[in-house]
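Structure, as structure tokens:
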Amino acid sequence: MTSVDIINKINSAKSILDVFAASSGSYDISNWSKIYKSYVKFIHPDICKTSGIEDINAKLNEFKRQIEDGVSYRDEAAKITYWPDKVRMEYSDAKIARISFENWRLLQHHKDAAAINFQKYLPMNMTLTDNVIEYPLFQRSIPLSSLLASDLGQNHVNWIINRLFELIAWFESIHMVHAGINLDSVMIIPESHGIVLNSFYHMQYIGNNIKTISGKYQSFYPHSLFSTKLADVNIDIELTKRLAAVLLGDASGIGTKLIKTHDEDYITFIRKSDAGVKAFDVMDSYKVMLKKNFKSQYYTLYI
């Protein structure tokens, strides 16, 4: 591989995997250090005098830092750090970590055909040690909180929200409410159009008292929650609709800002209340609306 090949590879890379994977499409970065050293031999500024080489080295070193330290962000309960192959969630309160872990185990306990289909949207193997939860990643996964509306666009928001409605319908079928769907709790898998939920500490059985909500996203919850305090599937539906508005560029989650710029039927859908409607029916209505207003095709996500 020549210095030009290396420069082009780093310059076009979307992620660590594009630079350090053992082969194209591989998830193996075990030899990243050896690969890094081999690149530096060719493109170090003392050796390579190509214009802009300092920027290329800076990008390479940032990928190296991400492998060593991971990329971190915070939700209200934990510091979340992700690497290409795993996620680590360090909670400030071990009790909350235990609740999240036990709720995840409860979801994994279901073994019917529907559960097996929807468990692909959950971490596969979680471990809990004191106040720390870790789980492996088997595909490139990106937190929604790290993306901008300009990174996604309508077609990609469509499938993210579709996956969430599918998952919510399953939660309802096992009489549970997630109650914490937001930018911090959802990761997306660009290559397969999948999602992964990464926290479960707000979850409750339908009809039980909701014990905690996300203060950061308090305005996204349905108003009825603050009077009844009861777990209801409408909580998850409303949170998902507000998330759709945010991903499309309206930080308020209300969607008013999007009326003149986005598909009218879509914005009407995410702005209307579905109180008292079953999650399966909302999911079905969403799919019908998508089929009516958007082309049915796979849109590659380049991030």
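Computed from the alpha carbon positions, the gyration tensor of the stretch 1-155 leads to an equivalent ellipsoid with semi-axes of 36, 17, 15 Å, biggest first.
Give, as ranges by residue number, the residues of the stretch 127-143 whose backbone N falls under 18 Å from the point 7 Å along Cα→Cβ of Ser30. Under cut-off, by backbone N: 136-139. Hydrodynamic estimate: the Kirkwood radius of the chain over Cα pairs, inserted into Stokes-Einstein at 25 °C and 0.890 mPa s, corresponds to D of 118 µm²/s.
Straight-distance candidates among the lysines for linking to Lys64, with alpha-carbon spacing under 26 Å and chain neighbours fewer than 8 residues away dropped: Lys9, Lys14, Lys34, Lys37, Lys41, Lys49, Lys79, Lys86. Computed from Cα atoms alone, the Kirkwood hydrodynamic radius reported for the stretch 231-303 is 13.2 Å. The order of the peptides 198-204, 268-274 by mean Cβ neighbours within 10 Å, most packed first, is 198-204, 268-274.
Would you work out what percent of the accessible area of the stretch 31-98, with all protein chains in place, is carbon or sulfur (probe 1.4 Å)? Result for the stretch 31-98: 49 percent of the exposed heavy-atom area is carbon or sulfur.
A simple spin-label model places the labels of Met1 and Arg271 5.0 nm from each other, with each point 7 Å out along Cα-to-Cβ. Overall, the accessible surface of the stretch 119-220 at a probe of 1.4 angstrom is composed of carbon and sulfur to the extent of 51 percent. Our note on the geometry: Cα centres of the stretch 232-286 and the stretch 63-133, 27 Å apart.
Entry comment: accessible area of the chain is 49 Å² per residue, from protein heavy atoms only and a probe of 1.4 Å. Label-to-label distance, His44 versus Met124, with points set 7 angstrom from Cα along the beta-carbon direction: 3.9 nm. The dipole here belongs to the stretch 171-303: it is taken about the Cα centre, uses +1 on the Cβ of Lys and Arg and -1 on the Cβ of Asp and Glu, and is about 220 debye. Helical content alone sets the calculated 222 nm signal of the chain at -13000 deg cm²/dmol, taking -39,500 (n - 2.57) per DSSP H segment of four or more residues and averaging over every residue. Charges were assigned to the Cβ only: +1 to each Lys and Arg, -1 to each Asp and Glu. The resulting dipole of the chain about its Cα centre is roughly 160 debye.
Subtracting the Cα-Cα distance of Glu54 and Lys292 from 0.36 nm times their residue separation leaves 80.8 nm of extension gain.
The values are calculated or read from the model by the stated rules, or taken from the named source; none is laboratory data. Every value quoted in this text rests on a predicted model; they were computed, and no experiment measured them. Note: ideal-geometry Cβ built from the backbone for every residue, glycine included; neighbour counts use all protein chains shown. Please note that ligands, DNA and RNA were not included when accessible areas were found on the heavy atoms of the full protein model with its side chains. Shrake-Rupley method; radii C 1.70, N 1.55, O 1.52, S 1.80 Å.
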